[in-house]
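Each remark here refers to the structure printed beneath this line.
Just so it is clear, none of the values below were taken in a lab; they were calculated from the coordinates. It should be emphasised that the depicted structure is a prediction, and the values quoted were computed from it without experimental measurement. Please note: Cβ atoms are built from the backbone with ideal geometry, for glycine as well, and neighbour counts cover all protein chains shown.
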Amino acid sequence: MRRQKEDLKGQRALVTGASSGIGLAVAERLLARGCFVVGASRHEGNFAKLRAAYPDRTDYVVADLSRMEDVTRLIEAPACQEVNLLVANAGFGCFGDYRNERIDEREIQMVQVNCLATQRLIKAYLRRFDKTGGRILVTASAAAFGAAPYMAAYYATKAYIYRLCLGYQREMKIAHSRAELSLLCPGPVATGFEKAGDLKFQFKPMDVGRVADYALKKWFKNKAVIVPGFAYRLLRIGAKIAPDSLITKVTKKAAV
Ligand SMILES: NC(=O)c1ccc[n+]([C@@H]2O[C@H](COP(=O)([O-])OP(=O)(O)OC[C@H]3O[C@@H](n4cnc5c(N)ncnc54)[C@H](OP(=O)(O)O)[C@@H]3O)[C@@H](O)[C@H]2O)c1
């Protein structure tokens, strides 16, 4: 287990999607820095190892974020009341073309988790943090920078949350909010994402620990949009000037 300066002692984080991947890696680092971490997702999964290592500084709320009643229950849970750090990270992807009926129900759930539950959480905590201060990190994706065939709905969910947060960031400035809101936009990362989405990345995925380290460093410097990896920072700039038809040619090769 990593040991770092306990600079987050006394702080309390809610991390959604903490059972695996990016959420788990972020939770591990917050705990190593002295923070109390409340995890949330449908199963405790690998967060159970963190609970064993930090029994006095961890809690878990089992919640299926594709169900709005679970999102409300999570926001109102006693464990989530004193939270001053939110990592809105739970999400997943789906692979398949528009003729594939098998993923229809899954796509609806994906919109609910990646967009609606995330939006509900962000707004609930922004309102709390407006006056008291507090930080929110939202896991969007480099997918937010363009469209992609075969993962069209997933890319669209990430563009939704990305643009939503850019809008909130401006609203927060106008309202002199004491809250901070950052967007994390990684390219492919080695996590449970491929298995959950029944897909295979064609580009080399980044190491999840490196992504979590970079995300936390930039989050605590109030960076508005955090893009791990030089290639993906270039991609973000390129996507602003390249024609959509070129982008969908490139993203067609992102996963199979
Ligand atoms: N890996 C990548 O290449 C990549 C790149 C860019 C962005 N992202 C984004 O990063 C975030 C984390 O994904 P990951 O890569 O770390 O994948 P992961 O290892 O599969 O983790 C996904 C997390 O989301 C949770 N989750 C999924 N469906 C849920 C639901 N209905 N209710 C509550 N929690 C749910 C999962 O927990 P349970 O199964 O226990 O519910 C799990 O903890 C996602 O938003 C994803 O879109 C991933």
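All but one of (1) within 10 Å of the ligand (Cβ to nearest atom); (2) out of contact with any Cys (no Cβ under 7 Å at 6 or more places or on another chain); (3) of a type in the set (A, V, I, L, M, F, W, C); (4) free of Cβ contacts under 8 Å to residues at least 60 places away in the same chain hold for VAL138, so report the exception by its number.
(2)
Return yes when VAL62 is within 16 Å of the ligand (Cβ to nearest atom), aliphatic (A, V, I, L, M) and in contact (Cβ under 8 Å) with a residue 24 or more places away in the chain and no when it is not. I'd like the intermediate steps shown before the answer.
Numbers: within 16 Å of the ligand (Cβ to nearest atom): yes; aliphatic (A, V, I, L, M): yes; in contact (Cβ under 8 Å) with a residue 24 or more places away in the chain: no.
In short, no.
Here's the yes/no breakdown for (1) part of a loop (DSSP other than H, G, I, E, B); (2) more than 8 Å from the ligand (Cβ to nearest atom); (3) under 20 Å from ASP213 (Cβ atoms); (4) charged (D, E, K, R):
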{"site": "GLY34", "(1), (2), (3), (4)": "yes, yes, yes, no"}
{"site": "SER66", "(1), (2), (3), (4)": "yes, no, no, no"}
{"site": "ILE75", "(1), (2), (3), (4)": "no, yes, no, no"}
{"site": "VAL83", "(1), (2), (3), (4)": "yes, yes, no, no"}
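Looking at region 111-122, is at least one residue buried (at least 21 other Cβ atoms within 10 Å of the Cβ), β-branched (Val, Ile, Thr) and not in a helix (DSSP H, G or I)?
The answer is no, given that none of the residues of region 111-122 is buried (at least 21 other Cβ atoms within 10 Å of the Cβ), β-branched (Val, Ile, Thr) and not in a helix (DSSP H, G or I).
Please specify each residue of region 160-204 satisfying the condition of being surrounded by fewer than 18 Cβ atoms within 10 Å (Cβ to Cβ), more than 8 Å from the ligand (Cβ to nearest atom), among the hydrophobic types (A, V, I, L, M, F, W, C) and in a loop (DSSP other than H, G, I, E, B).
ALA175, PHE203, listed by residue number.
Just the residues that are over 16 Å from LEU116 (Cα atoms) and under 13 Å from the mean Cα position of the chain (by Cα), please, taken from region 158-182.
Selection gives LEU181, SER182.
Quick check on my filter: what residues within region 34-43 are crowded, with 18+ Cβ neighbours inside 10 Å and without any contact (Cβ under 8 Å) to a residue 40 or more places away in the chain?
Those that are crowded, with 18+ Cβ neighbours inside 10 Å and without any contact (Cβ under 8 Å) to a residue 40 or more places away in the chain: PHE36, VAL37, GLY39.
Considering only residues that are in a loop (DSSP other than H, G, I, E, B) and at negative phi, which ones fall in region 123-140?
Filtering region 123-140 down to residues in a loop (DSSP other than H, G, I, E, B) leaves 133, 140.
The one that is in a loop (DSSP other than H, G, I, E, B) and at negative phi: ALA140.
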